[in-house]
Amino acid sequence: MLDLSVNYLGIKLENPIVVASSGLSGSIEKIKTLEANGAAAIVLKSLFEEQILAESAHNISKDETFGYDVHDYISSYIRDNSIGDYIQHIKNAKAAVSIPVIASINCVDAQEWMNWAKKFEEAGADAIEINMSVLPSDHNRTSAEAEKAVFEIIEAVRKVISIPIALKISYYSASLANFVKTISWTRNVDGIILFNRYYNPDIDIENLKITSSDVFSSPSDNANTLRWVSILSQVIDEKVDLIATTGIHSGEDIIKQLLAGATAVQLASAIYIHGPEIIMSMLTIIEDWMKRHNFNSINEFRGKLAFDPDKNTVAFERIQFMKHFGGIE
Ligand SMILES: Cc1cc2nc3c(=O)[nH]c(=O)nc-3n(C[C@H](O)[C@H](O)[C@H](O)COP(=O)(O)O)c2cc1C
C-alpha cells in the first residue's frame, strides 16, 4: 500500500496536490468536485487587502494615472466579493468537504485588515495563505523597504491567529535565497509558496495597444519554480514547508518538485485547462513511478535531488551555464 500522504503546514494531507487559490474554488459544487477528484486541500480565491480596507474606510482616493477610476473599480469589486460572503463561503466549504479549506488574503501592507484573519480562523479556515503582492515596480522603493513590509505582515498576522500560515511570494527579490531563508527563521509562517504568478503585459503591434499575455501558465514555467525549490528546500528552517506552484502541469512535474524538496504542490492552470480529472491521473502517474522505483512513501524520496547546501550553489550554477551555453556556436 503506497503512502502518498504529506504533512502540509502541520496538517496531514492524503496526497501532495493542493488546488491553488483561484476561481476553481468559487462555488461549493466546484469544491466538492475537486475533492471527489482527489484534491488533498483547496485554497479559496484571495480576498484583496484593498477590498477589506475600502469596505469600511472608503480610503482609496481617486487615481486617474491608470486611465480609469480605481475607486469605482474597487467599489464594484467589493460589491461582488464582500467580506461577509467570503466568511460564509469558508463556513459552507467546511461543512461540505472533509479536506482542509485554506483562506487567502492578497495584501501589500500591514494594516488593520489583519484582524480579518482572525475572523477567517473563527469561520473554520484550516490555515491562512498570505499572498504578498508587492511587485518591485515602484522605482522609489528600495528592496529593503519591500522586504520589511513582508516581515511586518507575517509578524502581525502571527500575533492574531493560531492556525497555520503560508506565505506566497514572487521570485522578484535581489537576494531571494537569503530572503526566503530569513523568512523561515522568523517561524512566523509554517510554509512558503514559490511562486505567485502575475499579470504580464503584452503589446499588440497592429493596434498599438497594451494587452495581457496568457492567464494560464505553461509547462516551461515549471523550470523556474523547480530551480528555487531545489536551491532552498535544504537551507530553510526544517519546520517550514516549501510549496511549489506555477507551471506544474503533469504527474512528472510533481515528482520533480518532490525530488527537489517541495512538501506539496499547488495547481491552477492544469485544472482549468484539463478539468479536475487531471488530479487523479497525476496521482496515478506518481503511484506508478513510486512502484517502479520501490518507494513506499513520499518521505522516502522527497528532497533526494535538492541542491546540496554544503556545495557552493553560485559556483555550481556558473559552471553549468558555461557547460551548457558556452559550447554553442
Ligand atoms: C484564473 C486564476 C485566478 C487566480 N486567482 C488567484 C487569487 O485570487 N489569489 C492567489 O493567490 N493566486 C491566484 N491565482 C494564482 C494561482 O493560485 C497560482 O499560484 C498560479 O496560477 C500558478 O499556478 P499554475 O501554474 O498551476 O496556474 C490565480 C490563477 C488563475 C489562473
Next on the checklist: Condition (residue is surrounded by fewer than 16 Cβ atoms within 10 Å (Cβ to Cβ) and away from the ligand (no atom under 16 Å from the Cβ)) applied to segment 214-233: is it met by at least one residue?
Outcome noted: no
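Okay, residues lined up against (1) away from the ligand (no atom under 14 Å from the Cβ); (2) over 14 Å from the mean Cα position of the chain (by Cα); (3) not hydrophobic (A, V, I, L, M, F, W, C):
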{"position": "156", "(1), (2), (3)": "yes, yes, no"}
{"position": "185", "(1), (2), (3)": "yes, yes, no"}
{"position": "192", "(1), (2), (3)": "no, no, no"}
{"position": "195", "(1), (2), (3)": "no, no, no"}
{"position": "201", "(1), (2), (3)": "yes, yes, yes"}
Checklist outcome for this item: Exactly one of 243, 236 is surrounded by 15 or more Cβ atoms within 10 Å (Cβ to Cβ), under 21 Å from residue 134 (Cβ atoms) and in contact (Cβ under 8 Å) with a residue 60 or more places away in the chain, and that residue is 243
Checklist entry - What helices (runs of 4 or more DSSP H) completely inside segment 261-329 contain at least 2 residues that are surrounded by 15 or more Cβ atoms within 10 Å (Cβ to Cβ) and out of contact with any Cys (no Cβ under 8 Å at 6 or more places or on another chain)? => result 269-274, 277-292
Item to check | Residue count, segment 1-53 (criterion: crowded, with 18+ Cβ neighbours inside 10 Å and either modelled with pLDDT under 95 or not aliphatic (A, V, I, L, M) (or both)) | outcome: 18
Checklist entry - Restricting attention to segment 158-172, which residues are free of Cβ contacts under 8 Å to residues at least 40 places away in the same chain and over 16 Å from the mean Cα position of the chain (by Cα)? => result 158, 159
Next on the checklist: Could you list, ordered by first residue, the pairs with Cβ atoms under 8 Å in which the first is in segment 18-30 and touching a residue at least 12 places away in the same chain (Cβ under 8 Å) and of a type in the set (Gly, Ala, Ser) and the second is in a helix (DSSP H, G or I) and more than 13 Å from the ligand (Cβ to nearest atom), at least 6 apart or interchain?
Outcome noted: 25/31; 25/34; 25/93
Checklist outcome for this item: Only one of (1) over 17 Å from the mean Cα position of the chain (by Cα); (2) more than 16 Å from the ligand (Cβ to nearest atom) does not apply to residue 7, and that is (1)
Next on the checklist: Name the residue that is nearest to the ligand (Cβ to nearest atom), counting only residues in segment 244-256 that are more than 15 Å from residue 5 (Cα to Cα) and in a helix (DSSP H, G or I).
Outcome noted: 253
Next on the checklist: Among the listed residues 190, 204, identify the single one that is in contact with a strand residue (DSSP E or B) (Cβ under 8 Å, 6 or more places away or on another chain) and without any contact (Cβ under 8 Å) to a residue 40 or more places away in the chain.
Outcome noted: 204
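The values are calculated or read from the model by the stated rules, or taken from the named source; none is laboratory data. No experiment lies behind these values; they were computed from the predicted model shown. Note that we place each Cβ from the backbone using ideal geometry, even for glycine, and neighbour counts take in every protein chain shown.
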